[in-house]
Amino acid sequence: MLSHNLSTSKKPTRAVVLGSAGFVGGACMSSLKASGVETVGISRSEVDLLAAGGASNLRSRLRPDDTLVFTSARAPCKNAAMLVENVRMAETVGAAISGFPLSHLVYVSSDAVYRDSSAPLTEESCAEPASPHGAMHLAREVLLKSEYQGPLGILRPTLIYGGADPHNGYGPNRFRRLAADGKPIALFGNGEERRDHVSVDDVAGLLTAMIMRRSSGVLNAVSGEVVSFRELAEFVAEQFSPRVPITVTPRVGEMPHGGFRPFDASGIRRAFPDFRVTAWREGIGATCRDPAGLGNP
């Protein structure tokens, strides 16, 4: 659960976004700046968390009372080698901030830390990951808690969509790019898996809200809606003219998460009653029309 260390919203002295060149980090930078927060981005080219001296390099760029937002990761984490690299990155961050007077630390984790469940998952659900990606994020969370004693907020997003997504993973991001190029949208099996999807702008908005209240604890970044990949593909195809066909390919192996992964979004409503989560049709439709997010008609 999430708790607030400030009774009302207050801009931090300065926010430092580690991983600012990434998908979520870039969106967070934009959201913070739009809220009038002095924001500094740190990319891998400036601080390589896997290089010798990475901890001292990062520490030298921080100021007392900074808010540090940690979004850097090699993701998705698919194997043991990537898991080790990602934990080493968190180890570097932990060494940099250990004993350092940060005002607040916010870490972007993943819903993959949760055990599968047919009931809607909440912030209090069992964290028992079944994938290297989930194990990596949970290990990072534990490491950061052990190194930093100040307010630590953890945001766990589900599947994120948005125009600048670099991974082109199966789902709305890939479907949109295929349809925009006039190519068929290929589904695994019949696209019957049902999942929750969240806008990257909502993830950044929740991060900003947590920073403004110096929040501690865990919050899931979810929409609370489950939708099948077939329904997503049909919707995306309808956003483009001419409408592209939808094809199916034989499924290899079992469906991830048993084909169903629902979330309860009431944690967001409790933490930030005025925050409006974007419905998937609205968010994906807007991304199809304006993938760069520039507000073009």
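The values are calculated or read from the model by the stated rules, or taken from the named source; none is laboratory data. Keep in mind it's a predicted model, so treat the numbers as computed, not measured. Here the Cβ is made from the backbone with ideal geometry for all residues, glycine too, and neighbour counts use every protein chain on show. Quick note on the areas: whole protein, heavy atoms, side chains included, nothing else; ligands and nucleic acids left out. Shrake-Rupley method; radii C 1.70, N 1.55, O 1.52, S 1.80 Å.
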Of the residues in region 279-297, those that are in a loop (DSSP other than H, G, I, E, B), at pLDDT below 95 and either loosely packed, with under 15 Cβ neighbours inside 10 Å or among the basic types (Lys, Arg) (or both) come to Asp290, Ala292, Leu294, Gly295, Asn296, Pro297
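Give Ala73, Ala96, Ala112 a once-over and let me know the one that is more than 16 Å from the chain's Cα centre (by Cα), hydrophobic (A, V, I, L, M, F, W, C) and closer than 24 Å to Phe23 by Cβ.
The conditions single out Ala96.
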Inspect all residues belonging to region 88-111 and state whether any of them is among the β-branched types (Val, Ile, Thr) and over 20 Å from Ala15 (Cβ atoms).
-> no
If you go through region 261-278 one residue at a time, how many are part of a helix (DSSP H, G or I), charged (D, E, K, R) and surrounded by 13 or more Cβ atoms within 10 Å (Cβ to Cβ)?
-> 1
Could you please find all residues in region 134-170 being in contact (Cβ under 8 Å) with a residue 12 or more places away in the chain and over 15 Å from the mean Cα position of the chain (by Cα)?
-> Ala135, Ala139, Leu143, Leu144, Ser146, Glu147, Tyr148, Gly150, Pro151, Leu152, Tyr170
Sort through Arg281, Arg243 and tell me the only one that's of a type in the set (Lys, Arg) and within 20 Å of the chain's Cα centre (by Cα).
-> Arg281
Could you tell me whether Gly134 is modelled with pLDDT under 95 and either open to solvent by less than 40 Å² (accessible area, probe 1.4 Å) or under 19 Å from Arg14 (Cα atoms) (or both)?
-> no
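Among the strands (runs of 3 or more DSSP E) confined wholly to region 1-111, which include 2 or more residues that are out of contact with any helix residue (DSSP H, G or I) (no Cβ under 7 Å at 6 or more places or on another chain) and open to solvent by 30 Å² or more (accessible area, probe 1.4 Å)?
Details: elements: 2-4, 15-18, 39-42, 67-70, 104-108.
In region 1-111, 2-4 are the strands (runs of 3 or more DSSP E) which contain 2 or more residues that are out of contact with any helix residue (DSSP H, G or I) (no Cβ under 7 Å at 6 or more places or on another chain) and open to solvent by 30 Å² or more (accessible area, probe 1.4 Å).
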